[in-house]
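Participant: Below you will find the structure I want to go over with you.
The values are calculated or read from the model by the stated rules, or taken from the named source; none is laboratory data. Note that the coordinates shown come from a computational prediction; the quantities given were computed from them, not determined experimentally. Here the Cβ positions follow ideal geometry from the backbone for every residue, glycine too, while neighbour counts run over all protein chains shown.
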C-alpha cells in the first residue's frame, strides 16, 4: 500500500506524475503573477443562462494554441445544500438536478490555460457551436477561453487525483499522503521544484480540540477523532473529498463535523461544517488548534497579516514571535522556505459566526520543547491558528485554505499574492 512507502518513493512518484501534467504552451508577453498562475477560473451557472437546464456532457472548453483551438481541462461542479461542491454519495443533498446545469453550479478551468483572443475564422473552423467567450481581466492584458457546444474534443490532462484506497493526493505540483481511514491524519508532503530533493516538507498536520470542566482537562488529537470519507469526486481541475466525523470528550458530544475538501493543483481547501450541541456549554473552555508542523525548514520566514513587516526567522532572528497577530478580518499567515516553496493560509468562516482567532507559532530551536504528536522530533517551524470562543448550539462553518507556490513572497512582498488570492481575477462572459 502506498500509505507505507518511504518518502523517497513518494518524491519519485510526484516527479513522475508531474511529468504527465503539462499546461498548453501558450506564450504571452505578460507573464502571470505567482498567485494568478495557480488560480482556478470559476464561472457560475447563472452567468450562462442559455445553458441552464441542459446536460453537461456536450461541451468542450477550448483556447487558441498556435493557429487553431485546442481543448483544455475543465469540469462542471454542482453545489450541495451546505454550499460546498457536491460529490455523489455524500451526506449533503445536491442543490438542483444532478448532471444538469443549474444557476448554483460552476464551470472551472485553470487561468494559466487560457489563451489569446480567437480570430473569427478560428472560431468558425471549430467543430460545434461557440456559445460563450470567457474574458479574464489581468490589468495589463486579457486572456480568453471558449465554451463550445457539440464538440467531442477533450483534453486528456488531469491536474488532481485522490486515491481513496491508498490515501494519496496527487497533483501536478504536490503529493500529500493522508491516512485512508482518517483524512485528518497527514503524512509526507512533497512539492515539485523544491530545492532539496527526496524530502518531505511536512512532519504532520496537527489538530487538537481542548476542553475543560473545572479542573478536569482533556485534549483530543487527529488520530483519536473518528472520521469517514463518504464521497469522492475526481475531476480534471478539482478533486472533492467529503468527510464526516464526531468528537466526544469528558462524557459530552462536543462536535459533529463534516468537511468538503477541495484539491486543486496548488491548493488544499478544507472547510468544516460543524455543530456544537448546547450541552457542550457546560465546558468552562473549548478551543481548537490547527497547524502544520513543517520539516527541513531551517531559516524559514514567517509572517502574519497583522504582524510586523519583518518576518520571524526559524531558529532565531527577525521579528519577535510574540508580535505575530491575526484577527477574523485580517487572517492570512505565510511561511517561505527560501527553497522554492511558499505557503499562504487563510481562515474562513460564515459571517454570522464569531470566534476569537490567534496566530500559532512554535519553534523547538528556540525553546527546545517537544510538541507531540509528531513523526520527526522538533517543530521547525510549526505554524497555524488557535480558535477560541466557539459558539454552542448553532451550526458553524470554519475552515482553512492552503495555497502553494515557488515564490509567493517575491522578496518580502507576500501581501501582493495574498491580495490576489483573496480577490480572483474578474471574468467577463460574452454569450454568442
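Participant: Going by the structure shown, is residue 179 under 30 Å from residue 254 (Cα atoms) and either touching a residue at least 12 places away in the same chain (Cβ under 8 Å) or surrounded by 21 or more Cβ atoms within 10 Å (Cβ to Cβ) (or both)?
Facilitator: yes
Participant: Is it the case, given these coordinates, that residue 113 is in contact with a strand residue (DSSP E or B) (Cβ under 9 Å, 6 or more places away or on another chain), crowded, with 19+ Cβ neighbours inside 10 Å and closer than 17 Å to residue 66 by Cβ?
Facilitator: yes
Participant: Any idea which of (1) modelled with pLDDT of 95 or more; (2) touching a helix residue (DSSP H, G or I) at 6+ places or on another chain (Cβ under 7 Å) is the one residue 254 doesn't satisfy?
Facilitator: Going through the list (1) modelled with pLDDT of 95 or more; (2) touching a helix residue (DSSP H, G or I) at 6+ places or on another chain (Cβ under 7 Å), residue 254 breaks only (1).
Participant: Also: Which one of these does residue 304 not meet: (1) more than 21 Å from the chain's Cα centre (by Cα); (2) at pLDDT 95 or above?
Facilitator: Result: residue 304 fails condition (1) only.
Participant: Answer yes or no as to whether residue 310 is touching a strand residue (DSSP E or B) at 6+ places or on another chain (Cβ under 7 Å), in the same structural domain as residue 363 (by TED's automatic domain parsing), at negative phi and exposed (fewer than 15 other Cβ atoms within 10 Å of the Cβ).
Facilitator: yes
Participant: (1) within 21 Å of residue 383 (Cα to Cα); (2) modelled with pLDDT of 95 or more: which one isn't true of residue 241, the others all being true?
Facilitator: Result: residue 241 passes all but (1).
Participant: Next question. I'd like to verify a number: residues in the range 129-156 that are in contact with a helix residue (DSSP H, G or I) (Cβ under 8 Å, 6 or more places away or on another chain) and over 26 Å from residue 46 (Cβ atoms), how many?
Facilitator: Count: 0.
Participant: May I pose another question? What about residue 232, is it farther than 25 Å from residue 392 by Cα, assigned to a strand (DSSP E or B), within 24 Å of the chain's Cα centre (by Cα) and not assigned by TED's automatic domain parsing to the domain that holds residue 114?
Facilitator: yes
Participant: Please return the ranges of strands (runs of 3 or more DSSP E) entirely within the range 116-222 where 3 or more residues are touching a strand residue (DSSP E or B) at 6+ places or on another chain (Cβ under 9 Å), at pLDDT 95 or above and over 22 Å from residue 74 (Cβ atoms).
Facilitator: 174-179, 182-191
Participant: Sticking with this one: Considering (1) closer than 21 Å to residue 407 by Cβ; (2) touching a helix residue (DSSP H, G or I) at 6+ places or on another chain (Cβ under 8 Å); (3) surrounded by 15 or more Cβ atoms within 10 Å (Cβ to Cβ), say which one residue 206 fails and leave the rest.
Facilitator: Failed condition: (1).
Participant: Against the definition (more than 21 Å from residue 414 (Cα to Cα) and in the same structural domain as residue 298 (by TED's automatic domain parsing)), how does residue 336 come out, yes or no?
Facilitator: no
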